[in-house]
Amino acid sequence: MLSLFAATSIVQLWYLVPLVVSVSLVYGATRHELPRPIFHQAFKTAVWMLTFMGVIFTILLLVSWSL
Amino acid sequence: MAPSDTIVEPFPNVRINLRQPLWALLLAWLWPGAGHFYQGRHAKGLLFMVCILGTFFFGLALGEGKVVYAGDSGQRVTVTGWRRLIQRWPYFLQAGVGLPAAPALVQTAIVRRGGQPLFGGIMAPPRNDDELAAWNERLNVRFEMGTLFTMIAGLLNVLAMYDAFAGPVATEPGDDKRPPPDKDAGDKQK
């Protein structure tokens with residue numbers, strides 16, 4: 001189980017923040033024209049991306065439990 | 001508004017003047033957000049410019065200017081023709097940001113002719129495999145992250161280019177409804 005954490009540095013996870021923000025805002029801006037719906041869509045997209053990555057991480061963690 | 005302008009209405013009461021979509025597409029590729037400024041969509045243009053160029057230059061800074069280059073120095077001549085100019089496949093995605101990634105082509109051409117790269121070697125290709133290995137060893141994960149960020153910036157600009165060419169993709173038309181103009185406003189003033 002620890003091998004999964006050993007392969008991922010906490011510092012490297014911070015690179016995720018600007019990436020998620022940028023991708024979410026650009027995606028939201030390509031779906032809407034007015035500012036409020038853009039930011040609303042961007043927030044939903046960011047939550048979706050982080051949730052998806054969290055689920056994948058949890059699955060990998062469980063798979064590597066006995067390693 | 002010129003007669004030949006293209007007008008779209010992706011949402012109720014939201015009309016967007018795309019002007020000349022092909023020009024907007026070209027400008028959006030050359031400089032992220034420029035196509036939207038051409039169309040008068042200043043807020044979105046600023047958003048795209050800040051997000052896409054911010055991602056690109058952040059990645060470039062992570063990699064100390066070495067993660068965006070178009071090919072090698074020419075020492076390994078294994079391909080011919082136009083493919084000699086672009087041998088680093090991430091550059092196909094990085095080129096999506098347009099002019100900010102163009103110096104890589106210039107630097108590659110200079111190095112291939114035996115000249116010294118400009119501006120301290122920013123966006124210049126490695127002289128050989130040993131130099132590339134040294135970059136990876138010194139920068140470590142920052143080389144990969146810088147490459148990733150610049151590639152994603154190029155891909156994001158492709159989305160922005162489509163938005164400049166055809167307007168937003170309306171998947172939830174209810175969110176962008178503007179209230180209809182007040183038809184009674186003129187009567188109230190009387």
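Here is how the numbers come out for the structure above:
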quantity	calculated
Entirely in region B:53-126, the helices (runs of 4 or more DSSP H) that have 1 or more residues that are at pLDDT below 85	B:103-112
Matching entry among B:Ile110, B:Ile122, B:Ile152 (being more than 20 Å from the chain's Cα centre (by Cα) and either of a type in the set (Val, Ile, Thr) or surrounded by 14 or more Cβ atoms within 10 Å (Cβ to Cβ) (or both))	B:Ile110
Flag for B:Ala160 being within 10 Å of another protein chain (Cβ to nearest Cβ), within 22 Å of B:Arg15 (Cβ to Cβ), at pLDDT 90 or above and touching a His at 6+ places or on another chain (Cβ under 9 Å)	yes
Members of region B:97-122 found to be touching a helix residue (DSSP H, G or I) at 6+ places or on another chain (Cβ under 6 Å) and β-branched (Val, Ile, Thr), listed by number	B:Val97
Counted residues, region B:5-29 - those being surrounded by 16 or more Cβ atoms within 10 Å (Cβ to Cβ) and touching a residue at least 24 places away in the same chain (Cβ under 8 Å)	12
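The values are calculated or read from the model by the stated rules, or taken from the named source; none is laboratory data. On a predicted model such as this, the values are computed, not experimentally measured, just so you know. Backbone-built Cβ (ideal geometry, glycine too); neighbour counts: all protein chains shown.
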